[in-house]
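Visitor: The following block contains the structure, expressed as structure tokens.
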Amino acid sequence: MVEVKLVGLGKRYGSVVAVNNVDLTVADREYVTILGPSGCGKTTLIRMIAGIIEPTDGEVYIDGKDMSGVPIEDRDIGYVFQNIALFPHLTVQDNVSYGPRARDLPPEDQARISKRFLEMVKLLDKMGMLPDELCGGEQQKVSLARALSSGSKLLLLDEPLSALDSRVRVDLRYELRRLAKELGLTTIHVTHDQEEAQSVSDRIVLMRAGTVVETGTPEELYTRPKRIFTANFIGETNLLEGWVLEIKDGVSVIELRNGGKVKVNQTDHPVGDAVVISVRPEFVFLADEGMRATVTAITYMGTYWRITANTEDEEEVAFDSATLDENLLTIGKEVYLAVNPKAAVLYPRPQDGVQEAIMLE
Amino acid sequence: MIALATMADPGSFATGPTLIGDWKHGLVDNADLAAPLAFVSILLILLSLVLLVVIKLVIMKVHLPMGRIWPRPEKLFSRGWFPKTKDGLAVLFLVLFVLIPSFFIFTYVVSVEPASFDWGPFMESLMFSFLVAGVVTVIDIALGVPLALYIAKNRTGRLSEVLDVLVNVPLIVPTAALGYSLGVFWTGQNIIPTYDVLLIILAHVAFTYPLVVRNVAGAVEEVDPAFEETARTLGAKPVQAFRRVLYPIIKSSILAGAIMAFTRSLGETGATQAVVASARTAPVYIVELIQLKTASGYYTAGLACIVLIIVSFVFMLALRYITNRRSH
């Protein structure tokens with residue numbers, strides 16, 4: 001059983017705060033992703049869990065044991081680096097058996113363990129090769145096998161897929177989750193790619209500027225994000241400013257700054273309050289009344305078209321359309337847009353403005 | 001090397017380093033030379049330090065090479081006759097002024113009447129040189145690698161930055177001045193007994209170990225810290241991580257630094273003479289032969305030079321082989 005608990009964890013470099021007061025518990029066998037833009041402190045956080053960086057505040061507990069002062073090699077972790085870092089002078093098999101050898105297991109066990117994990121990532125046939133002779137995806141699989149071969153039940157993944165081609169990246173994500181679940185590992189996966197985070201995680205921890213913004217399942221963070229930053233960072237969304245005009249039968253009517261009116265099934269903001277509506281492009285549609293806007297761009301996305309339109313006060317609204325009727329949708333055409341009241345989320349309008357709330361740093 | 005070349009010239013022209021060598025010899029009979037000798041050494045050391053600082057400042061402040069560009073002349077110089085002439089002249093210079101004079105010794109030895117020649121003293125001096133160079137190289141590695149690791153791994157630290165500059169000092173200061181200074185220092189103290197061999201070795205270590213430090217520090221900085229961190233996460237203690245991961249990766253750089261240190265020690269004349277006037281390493285012996293100003297002296301010196309040239313050439317080939325392999 002491996003549970004990871006972070007209590008008030010922080011890292012300061014002089015006056016610069018890289019990670020600030022993070023509390024987090026990762027349950028046994030849970031797959032947690034730490035997601036955030038570059039420079040949000042997520043890598044510092046995972047390196048503190050591994051013991052590569054010493055925290056300046058707070059503690060890391062692995063399995064209930066305080067890890068303060070415990071060196072990397074005694075923490076019993078598997079760690080996969082973004083830049084793969086296979087030992088260039090060792091063969092694939094020697095790379096994978098490095099861990100068992102460092103722990104001084106008998107040679108038969110070293111061979112058995114390395115073969116077992118190479119088979120698991122389906123690279124047994126490459127075991128005599130040098131890392132240079134493999135392609136990027138294979139290299140990262142070897143590096144994963146190497147991390148797993150230490151026998152640890154805690155797997156730390158530091159941007160494991162960022163250095164790979166997009167196709168390989170998608171294939172390997174599922175591989176990662178499959179292996180973690182099969183082996184019953186507790187996994188902490190750091191990434192800046194929200195799509196990756198959504199497809200592999202049991203739970204996502206979203207970070208910004210050294211602090212945790214919000215924690216939740218991929219679905220929670222996508223459909224009911226508690227913060228504007230989350231709504232904007234995970235998936236795509238339209239953020240429209242307005243105020244509550246009236247509340248009736250569990251529906252708030254919002255008058256937008258652009259003059260349009262929108263209904264939202266959420267009533268926790270009193271009449272007159274300034275609010276921001278977050279609504280994803282797939283929940284905005286053409287209507288006979290609502291927001292008036294002019295189509296400015298049409299982009300073919302494969303299974304749908306993404307249409308961008310400008311409202312009267314130059315707010316940009318994106319929406320999706322499964323079909324493209326050229327009588328209704330051409331560039332320069334005026335349209336009326338409505339939103340699905342069940343899928344829109346209301347936030348109090350932030351004091352420093354919406355832009356400040358969604359800024360990455 | 002400059003000292004060796006100018007001293008070999010039988011004329012009376014003297015550079016700073018040769019002057020130190022000559023005076024050091026004279027010191028045996030004439031103790032009054034001690035003061036001017038120290039003065040010249042100090043002057044040389046100070047001048048080189050000033051030079052080092054000036055160069056550092058120039059590079060930092062003036063931004064060499066200069067940022068400005070001149071599109072028209074640069075275009076003219078980038079294609080057509082100019083690059084070809086430049087390449088041709090460069091090769092011609094190498095052949096005419098470096099290679100032919102260096103290897104001319106072969107034709108000289110063949111063309112003159114063979115004089116009676118006693119290999120004994122030269123072989124003795126060559127063995128002595130090899131012994132010194134070998135011991136020096138071993139000490140260089142033992143001292144240089146840890147310092148290189150410290151410098152490379154604490155790049156952000158102030159101390160490491162200072163050390164990085166200071167390590168270059170022995171490379172900049174003329175070796176004769178350095179040698180004299182070291183000689184005065186070591187003979188001036190009474191704690192460690194000083195033997196001539198020990199003094200020479202200490203002097204050679206001082207100006208050769210920066211070569212090891214430079215090479216190894218450069219190599220370590222190139223190595224991704226993730227290698228060692230990975231080894232640690234896999235359960236390796238820091239020493240084991242160094243031995244099985246970092247060392248194999250930087251091995252060829254250590255070897256390259258060692259070969260450079262070895263050949264440098266093998267060829268050094270000025271410092272050797274400045275530390276111990278009576279020392280007889282191979283290059284010192286050659287200079288002594290030339291200073292005899294006899295036909296047999298020149299002839300023997302010629303043969304001795306050929307041996308040294310061949311030895312150096314073999315080491316150069318080895319160095320090339322190692323550094324080539326490193327780049328793959």
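The rows are residues; the columns are (1) hydrophobic (A, V, I, L, M, F, W, C); (2) loosely packed, with under 14 Cβ neighbours inside 10 Å; (3) within 25 Å of B:Val40 (Cα to Cα).
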{"position": "B:Ala176", "(1), (2), (3)": "yes, no, yes"}
{"position": "B:Gly179", "(1), (2), (3)": "no, no, yes"}
{"position": "B:Leu198", "(1), (2), (3)": "yes, no, yes"}
{"position": "B:Val212", "(1), (2), (3)": "yes, no, no"}
{"position": "B:Glu222", "(1), (2), (3)": "no, yes, no"}
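Visitor: From the list A:Ile277, A:Ile247, A:Ile254, A:Ile188, pick out the single residue that is in a strand (DSSP E or B), free of Cβ contacts under 8 Å to residues at least 60 places away in the same chain and of a type in the set (Val, Ile, Thr).
Guide: Being in a strand (DSSP E or B), free of Cβ contacts under 8 Å to residues at least 60 places away in the same chain and of a type in the set (Val, Ile, Thr) holds for just one of A:Ile277, A:Ile247, A:Ile254, A:Ile188, which is A:Ile247.
Visitor: Okay, moving on. Of all residues in the range A:329-340, how many are part of a loop (DSSP other than H, G, I, E, B), under 12 Å from A:Phe285 (Cβ atoms) and of a type outside the set (S, T, N, Q)? Steps first, answer last, please.
Guide: Residues of the range A:329-340 part of a loop (DSSP other than H, G, I, E, B): A:329-333, A:340.
Within this subset, residues satisfying the condition of being under 12 Å from A:Phe285 (Cβ atoms) are A:329, A:340.
Next, from what is left, pick out any that are of a type outside the set (S, T, N, Q): A:329.
Final tally of qualifying residues: 1.
Visitor: Being outside any loop (DSSP other than H, G, I, E, B) and under 13 Å from A:Ser321 (Cβ atoms) is the filter here; which residues of the range A:293-311 pass it?
Guide: Step one: of the range A:293-311, the residues outside any loop (DSSP other than H, G, I, E, B) are A:293-300, A:305-311.
Correct list: A:Val295, A:Ala297, A:Ile298, A:Thr299, A:Tyr300, A:Trp305, A:Arg306, A:Ile307, A:Thr308, A:Ala309.
Visitor: In the range A:140-165, how many are in contact with a helix residue (DSSP H, G or I) (Cβ under 6 Å, 6 or more places away or on another chain) and in a helix (DSSP H, G or I)?
Guide: Within the range A:140-165, residues that are in contact with a helix residue (DSSP H, G or I) (Cβ under 6 Å, 6 or more places away or on another chain) and in a helix (DSSP H, G or I) number 4.
Visitor: Tell me whether the range A:52-59 contains one or more residues that are more than 14 Å from chain B (Cβ to nearest Cβ), of a type outside the set (A, V, I, L, M) and crowded, with 21+ Cβ neighbours inside 10 Å.
Guide: yes
Conditions (1) within 24 Å of A:Ser199 (Cβ to Cβ); (2) of a type in the set (Lys, Arg); (3) at the interface with another protein chain (Cβ under 9 Å from one of its Cβ atoms), marked per residue:
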| site | (1), (2), (3) |
| --- | --- |
| A:Val4 | yes, no, no |
| A:Val7 | no, no, no |
| A:Arg29 | yes, yes, no |
| A:Gly69 | no, no, no |
| A:Thr91 | no, no, no |
| A:Pro106 | no, no, no |
| A:Leu118 | no, no, no |
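Visitor: Being crowded, with 16+ Cβ neighbours inside 10 Å, of a type in the set (A, V, I, L, M) and without any contact (Cβ under 8 Å) to a residue 24 or more places away in the chain: is that true of A:Ile307 here?
Guide: On the way: crowded, with 16+ Cβ neighbours inside 10 Å: yes; of a type in the set (A, V, I, L, M): yes; without any contact (Cβ under 8 Å) to a residue 24 or more places away in the chain: yes.
Yes: the conditions hold for A:Ile307.
Visitor: If you don't mind, another one. Just a yes or no: is a residue in the range A:43-58 part of a helix (DSSP H, G or I), within 25 Å of the chain's Cα centre (by Cα) and charged (D, E, K, R)?
Guide: Among the residues of the range A:43-58, at least one is part of a helix (DSSP H, G or I), within 25 Å of the chain's Cα centre (by Cα) and charged (D, E, K, R), which makes the answer yes.
Visitor: A further question on this structure: Return the only residue of A:Ser150, A:Ser143 being polar (S, T, N, Q) and modelled with pLDDT of 90 or more. Full working, then the answer.
Guide: Values: A:Ser150 fails: modelled with pLDDT of 90 or more.
Going through A:Ser150, A:Ser143 in turn, the sole match is A:Ser143.
Visitor: While we're here: If the Cβ limit is 9 Å and pairs must be 6+ apart or interchain, which residue in the range B:49-66 that is farther than 19 Å from B:Pro174 by Cβ pairs with which residue that is modelled with pLDDT under 65?
Guide: Sorted first by the residue in the range B:49-66, then by its partner, the pairs are B:Val58/B:Leu64.
Visitor: Shifting gears a bit: I'd like to check something: does the range A:185-204 contain any residue that is small (Gly, Ala, Ser), surrounded by 17 or more Cβ atoms within 10 Å (Cβ to Cβ) and more than 15 Å from A:Leu148 (Cβ to Cβ)? Break it down stepwise before answering.
Guide: Looking only at the range A:185-204, we keep the residues that are small (Gly, Ala, Ser), and these are A:197, A:199, A:201.
Subsequent filtering for residues that are surrounded by 17 or more Cβ atoms within 10 Å (Cβ to Cβ) retains A:197, A:201.
Then keep just the ones that are more than 15 Å from A:Leu148 (Cβ to Cβ); that gives A:197, A:201.
Within the range A:185-204, one or more residues are small (Gly, Ala, Ser), surrounded by 17 or more Cβ atoms within 10 Å (Cβ to Cβ) and more than 15 Å from A:Leu148 (Cβ to Cβ).
Visitor: Testing A:Ser97 on (1) without any contact (Cβ under 8 Å) to a residue 40 or more places away in the chain; (2) more than 9 Å from chain B (Cβ to nearest Cβ); (3) under 22 Å from A:Asp76 (Cβ atoms), one condition comes back false. Which one is that?
Guide: Among (1) without any contact (Cβ under 8 Å) to a residue 40 or more places away in the chain; (2) more than 9 Å from chain B (Cβ to nearest Cβ); (3) under 22 Å from A:Asp76 (Cβ atoms), the lone unmet condition for A:Ser97 is (1).
Visitor: Oh, and also: Against the condition in contact (Cβ under 8 Å) with a residue 60 or more places away in the chain and of a type in the set (Asp, Glu), how does B:Asp140 come out, does it pass?
Guide: Numbers: in contact (Cβ under 8 Å) with a residue 60 or more places away in the chain: yes; of a type in the set (Asp, Glu): yes.
It is true that B:Asp140 is in contact (Cβ under 8 Å) with a residue 60 or more places away in the chain and of a type in the set (Asp, Glu).
Visitor: Out of B:Ile254, B:Ile310, B:Ile306, B:Ile259, report the one residue that is within 25 Å of B:Asp196 (Cα to Cα) and either modelled with pLDDT of 80 or more or of a type in the set (Phe, Trp, Tyr) (or both).
Guide: Residue meeting the stated conditions: B:Ile259.
Visitor: Given the conditions (1) in contact (Cβ under 8 Å) with a residue 60 or more places away in the chain; (2) part of a helix (DSSP H, G or I), report the number of the one that B:Ala277 does not fulfil.
Guide: Looking at each condition in turn, B:Ala277 falls short on (2).
Visitor: List every residue pair whose Cβ atoms lie under 6 Å apart, where the two residues are 6 or more positions apart in sequence or sit on different chains, the first residue falls within the range A:203-215 and is more than 13 Å from A:Lys226 (Cβ to Cβ) and in the same structural domain as A:Asn21 (by TED's automatic domain parsing), and the second residue, located anywhere, is among the acidic types (Asp, Glu) and part of a strand (DSSP E or B).
Guide: Once the first residue is more than 13 Å from A:Lys226 (Cβ to Cβ) and in the same structural domain as A:Asn21 (by TED's automatic domain parsing) and sits in the range A:203-215, no partner that is among the acidic types (Asp, Glu) and part of a strand (DSSP E or B) comes close enough.
Visitor: Pull up the range A:33-43, narrow it to residues that are surrounded by 21 or more Cβ atoms within 10 Å (Cβ to Cβ) and of a type outside the set (Gly, Ala, Ser), then point me to the one that is farthest from A:Lys5 (Cα to Cα). Quick ask: steps written out before the conclusion?
Guide: Residues of the range A:33-43 surrounded by 21 or more Cβ atoms within 10 Å (Cβ to Cβ): A:33-36, A:40-43.
Next cut, of a type outside the set (Gly, Ala, Ser) only: A:33-35, A:40, A:42-43.
Values: A:Thr33: 15, A:Ile34: 14, A:Leu35: 18, A:Cys40: 20, A:Lys42: 15, A:Thr43: 17 Å.
Residue satisfying both the conditions and the ranking: A:Cys40.
Visitor: Output the number of residues of the range B:225-250 satisfying the condition of being at the interface with chain A (Cβ under 7 Å from one of its Cβ atoms) and either surrounded by fewer than 20 Cβ atoms within 10 Å (Cβ to Cβ) or farther than 12 Å from A:Arg101 by Cα (or both).
Guide: 11
Visitor: Another question, then. Filter the range A:1-38 down to residues that are in contact with a strand residue (DSSP E or B) (Cβ under 9 Å, 6 or more places away or on another chain) and part of a loop (DSSP other than H, G, I, E, B), then give me how many there are. Before the answer, list the steps.
Guide: Of the range A:1-38, the ones in contact with a strand residue (DSSP E or B) (Cβ under 9 Å, 6 or more places away or on another chain) are A:1-12, A:17-37.
Applying the additional criterion that residues be part of a loop (DSSP other than H, G, I, E, B) yields A:1-3, A:27-30, A:36-37.
Matching residues across the range A:1-38 total 9.
Visitor: Count, please, the residues in the range A:120-135 that happen to be within 12 Å of chain B (Cβ to nearest Cβ) and either part of a helix (DSSP H, G or I) or at pLDDT below 90 (or both). Quick ask: steps written out before the conclusion?
Guide: Going through the range A:120-135, the residues within 12 Å of chain B (Cβ to nearest Cβ) turn out to be A:130-132.
Those still in the list that are either part of a helix (DSSP H, G or I) or at pLDDT below 90 (or both) too: A:131-132.
Result for the range A:120-135: 2.
The values are calculated or read from the model by the stated rules, or taken from the named source; none is laboratory data. Bear in mind that the values here come from a model prediction, so they are computed numbers and not experimental data. Methodologically, a virtual Cβ is constructed for each residue, glycine included, from the backbone with ideal geometry; neighbour enumeration extends over all protein chains shown.
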